[in-house]
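Q: Quick one: the structure is below, and I'll ask about it shortly.
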Amino acid sequence: MHIRSPAVKFYLVFLWAMTEKEIKARYKKAVFGFLWVILNPLLQMLIIGFIFSFFIKIPNYFVFLFTGLLPWGFVSLSLSKTTPSFVYERTLLQKAKFHKSTIPISIILSNFFHLLVSLGFLILFLVVAGKLPFPHILLIIPTLIWLLAFTIGFSLLSSSLQVKFRDINFFVQSLLMLLFYATPILYNLTLIPPDLRQAFALNPLTSIFELFHFATLSQGTINVQTLIVNALMTFAIIALGILIYNRESKNFVDWL
Amino acid sequence: MDKIAIQLTNISKKYVVHHERPTLIDNIFSKKNKGEFWALRNVNFRIPKGEKVGIIGPNGSGKTTLLKIIAGITTPTTGSVITNGKCVSLIELEAGFHPDLTGEENIYLNGLLIGMTTNEIKAKLKRIIDFADIGEFIDTPMYTYSSGMKLRLGFSITVHSDPEILILDEGIGIGDRDFQKKSQDKIQEFFKKGKTILVVTHWLDFIERNCNRVIVMKKGRIAQDGSKSLVAQYRKRLLHP
């Protein structure tokens, strides 16, 4: 890749160094570092699958759950780690002038790397089982980009606000608890009465998770109207995140 | 114009005084009148390249805020800052070290953080390690380091980044006695090299010995700006207020 602007290049080099730090640090702490990436959603799948398969009738329910739990793990871990990240890194912010946005974005990118690895395992499993839906699976690329963009936008917003208002983290924590049930992870929208489906358009994660299910298992349907509303909401969140970050980041140090 | 290292025009900095940590709930539901505090008011000065400036004044007169604004760590409420050349401050030397990464990995991360390029760090790696006197610890994770070692490594990275503008905020002597001598020598080297240096310290002898310009701050304003004879005046005022 050839990048002309030295400022952009330096930003990317620094962002990459920060991301590498996050990834390396994780594996130096845990011997089974990589194993945990896959083991954690696997265990969740087993316990949730065992209970909910009594109530929810979806074919291949365990695999269905797994395809939703992987991106959910990414979103919830990223948002709960990035929201207080500027506050945790206060000494770093007081040390030098640098691109502060690399703090939350590097955390997200390292989690994204883990998501890609575990998705690789999932796809491998689907290939071996002879169940990989082609060409549906290609949809996973725009879906992943959407998921990444949403997470970065939201975290810029929540982490910037957390510097000034220390209760934002509590909001985010309870929002994540609610979103886990309000997002089609344990179920899909075909199980929801048609009148109520409209309400799901209010959750920007709806389309992302429906797309995940559709891409990996060709299950569920994509509602174009919901998709458009969700996409617009994602843009709004990203725009707001960048706006608030740009306005607040200049004076972060004054609040730490 | 290119002979100017730092130029401050009409710099003012306002802080909001809050007695407890603000919360969003508080902000929405109660309209408590928040106090304001002007740490700096209408500060103007121009520092030519190579000048050694000592900034003195009582606690709370705005010295540290001024340095933070020049270093770009925070931004002024009004006014503009122009700095020419890389500006590095010897504060929070250990910040940014990750305990689980090795010394070498941390050198790269910290070097990038203060504005060095990867190639520059690669070229200076050996010198940084030697100066910090870390030895074989360089390949072990940072949590095995003593606090003195971390401080030495932080200092070594900062001084090897070869800044054009150096900011010293109190931390002039660091580490054990041997390293204090070594770091002093290094700082003296900067003074001799024609770098622009800003010092904030209560150690008046240091300023008298090393600076050729003295700025006296008082309540967020510049009270006096002149030669180092101001130090003697300032000392007299401290003794006979």
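Q: Any idea which of (1) in a loop (DSSP other than H, G, I, E, B); (2) closer than 23 Å to B:E170 by Cα; (3) touching a strand residue (DSSP E or B) at 6+ places or on another chain (Cβ under 6 Å) is the one B:D100 doesn't satisfy?
A: (2)
Q: Only residues that are surrounded by fewer than 20 Cβ atoms within 10 Å (Cβ to Cβ) and assigned to a loop (DSSP other than H, G, I, E, B): list them for the stretch A:188-202, please.
A: Listed by number, the residues that qualify are A:I192, A:P193.
Q: Just checking, which of B:K195, B:K218, B:K181 is surrounded by fewer than 17 Cβ atoms within 10 Å (Cβ to Cβ) and either in contact (Cβ under 8 Å) with a residue 60 or more places away in the chain or not charged (D, E, K, R) (or both)?
A: Exactly one residue qualifies, and that residue is B:K218.
Q: Does the stretch B:116-128 contain at least one residue that is more than 14 Å from chain A (Cβ to nearest Cβ), more than 16 Å from the chain's Cα centre (by Cα), crowded, with 20+ Cβ neighbours inside 10 Å and aliphatic (A, V, I, L, M)?
A: The answer is yes, given that some residue of the stretch B:116-128 is more than 14 Å from chain A (Cβ to nearest Cβ), more than 16 Å from the chain's Cα centre (by Cα), crowded, with 20+ Cβ neighbours inside 10 Å and aliphatic (A, V, I, L, M).
Q: Kindly evaluate B:L40 against the criterion of being under 30 Å from B:R209 (Cα atoms) and either among the aromatic types (F, W, Y) or assigned to a strand (DSSP E or B) (or both).
A: So B:L40 fits the description; yes.
Q: At least 1 residues that are under 30 Å from A:L186 (Cβ atoms) and modelled with pLDDT of 95 or more in each: list the helices (runs of 4 or more DSSP H) lying fully within the stretch A:1-102 that qualify.
A: A:33-52, A:61-82, A:85-88
Q: Which condition breaks for B:T74 when tested against (1) over 13 Å from B:I167 (Cβ atoms); (2) surrounded by 13 or more Cβ atoms within 10 Å (Cβ to Cβ); (3) touching a strand residue (DSSP E or B) at 6+ places or on another chain (Cβ under 7 Å)?
A: (3)
Q: So, in the stretch A:216-256, how many residues would count as being out of contact with any helix residue (DSSP H, G or I) (no Cβ under 7 Å at 6 or more places or on another chain), over 22 Å from A:I152 (Cβ atoms) and within 14 Å of another protein chain (Cβ to nearest Cβ)?
A: Going through the stretch A:216-256 one residue at a time, the tally reaches 1.
Q: Restrict the check to the stretch A:203-226 and report whether at least one residue is in contact (Cβ under 8 Å) with a residue 12 or more places away in the chain, of a type in the set (A, V, I, L, M, F, W, C), part of a helix (DSSP H, G or I) and over 30 Å from A:V127 (Cα atoms).
A: no
The values are calculated or read from the model by the stated rules, or taken from the named source; none is laboratory data. Keep in mind that this is a model prediction, so the values were computed, not measured. Cβ atoms come from the backbone with ideal geometry, glycine included; neighbour counts cover every protein chain shown.
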